[in-house]
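In what follows, a structure is listed as structure tokens, so that the remarks can point back to it.
Read-outs throughout are calculated quantities, based only on the coordinates presented, and are distinct from any laboratory measurement. Owing to the predicted nature of the structure, the values given are computational and were not obtained by experimental measurement. Neighbour counts run over all protein chains shown; Cβ positions are idealised from the backbone, glycine included.
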Amino acid sequence: MTDGSKGTFLSVRDLAHAFPAKRGLGGPRDPVPALRGVSFDLEEGRCLAVVGESGSGKTTLVRCLLRLVEPDEGEVLFRGVDILRMSPGDLLSFRRKAQIVFQDPFGSLNPRLRAGPMLVEVLQVHAGSATPEARGEKAESLLEMVGLHRSHRTRFPHEFSGGQRQRLGIARALSVGPELLVLDEPVSALDLSVQAQILNLLKDLQERLSLTLILVAHDLSVVRHLADRVAVMRAGEIVELSSVDRLFQDPSHPYTRGLLETVGWE
């Protein structure tokens, strides 16, 4: 992780979103709030972990930050520019700077494409001026960057192990040279031994590529390993926001203390 503050990289203010409810027997129901006025700042080069029980709003939050879900209210300032009010052209440029690694690597990869063409396809969309040879070479170097071999470019997703598929998902996210990498439960579907390998890879990539990370996680040991700061969410709100050391040593909110006690953290 980078040392020292580089200033505010991402600033979120009063972000709110509600999902429409299904009609009940008595007619339409009120929308279901998922985010209730969420605000926080993230410094460049840091890792913010977002934790909370299922249904607390963690995944909705990060999807709103990337405009995969359109929030109802609020601001998301990326280097001072509100991404919620970007033009289509500016939004495409933003998508090159902010990428996401999903929880299920197999579900997020095209099963009909081999690893090499999968990466080349992304490079062709976002860096169309490069030659086919340059795109192919870049794809192979991305495989090596995440701990795979160049020969893996000819494999389909089902021919990889779970950990290898997640490495491929990380390579695809890195292919456009992002500044912000959102990690949505990136190791929860993996075996414990593989989890440690992926976490070490992410930490190394953060340092090598000067990445800023947002980590969604329910495993507090994962948070302790990778994050600088932690936002604890409950019912669509951030109830505690502190450094990772302070949160584990002296949590201030009863809900946070309950989370730590649930997993037996002392």
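What does the net charge come to around L190 if you take all other residues with beta carbon closer than 13 Å to its beta carbon, with K and R at +1 and D and E at -1? Before the final figure, lay out the partial values.
Details: positive: R165, R167; negative: D104, E185, D191, D219.
For residues surrounding L190, the net value is -2.
Between F156 and Q197, what FRET efficiency follows from the Cβ-Cβ distance if R0 is 25 Å, with the result rounded to 0.05? Walk me through the numbers before you get to the answer.
On the way: r = 22 Å, r/R0 = 0.88.
Computed FRET efficiency for F156 and Q197: 0.70.
State, to one decimal in nm, how far the label point of D82 lies from the label point of H253, with both points 7 Å from Cα in the Cβ direction.
So the label points at D82 and H253 sit 2.6 nm apart.
Need the list of aspartates and glutamates near K138 for cross-linking: C-alpha distance under 19 angstrom, and skip anything on the same chain fewer than eight residues off.
Straight-distance partners of K138: E121, E179.
Please give the length that would be gained between V125 and V32 if that part of the chain were fully extended, namely 0.36 nm times their separation in residues minus their C-alpha to C-alpha distance (nm, one decimal). Working shown, then result.
Values: separation 93, 0.36 × 93 = 33.48 nm, distance 3.63 nm.
This chain segment gains 29.8 nm when fully extended.
Based on the mean of other beta carbon atoms within 10 Å per residue, what is the order of 96-103, 75-82, most packed first? Walk me through the numbers on the way to the answer.
Working: 96-103: 19.4, 75-82: 14.9.
Highest-to-lowest ranking by the protection proxy: 96-103, 75-82.
Expressed in whole Å with the largest first, what are the equivalent ellipsoid semi-axes of the chain derived from the C-alpha gyration tensor as the square root of 5 times each eigenvalue?
On the way: eigenvalues 190, 102, 76 Å².
Calculated on Cα positions only, the semi-axes equal 31, 23, 19 Å.
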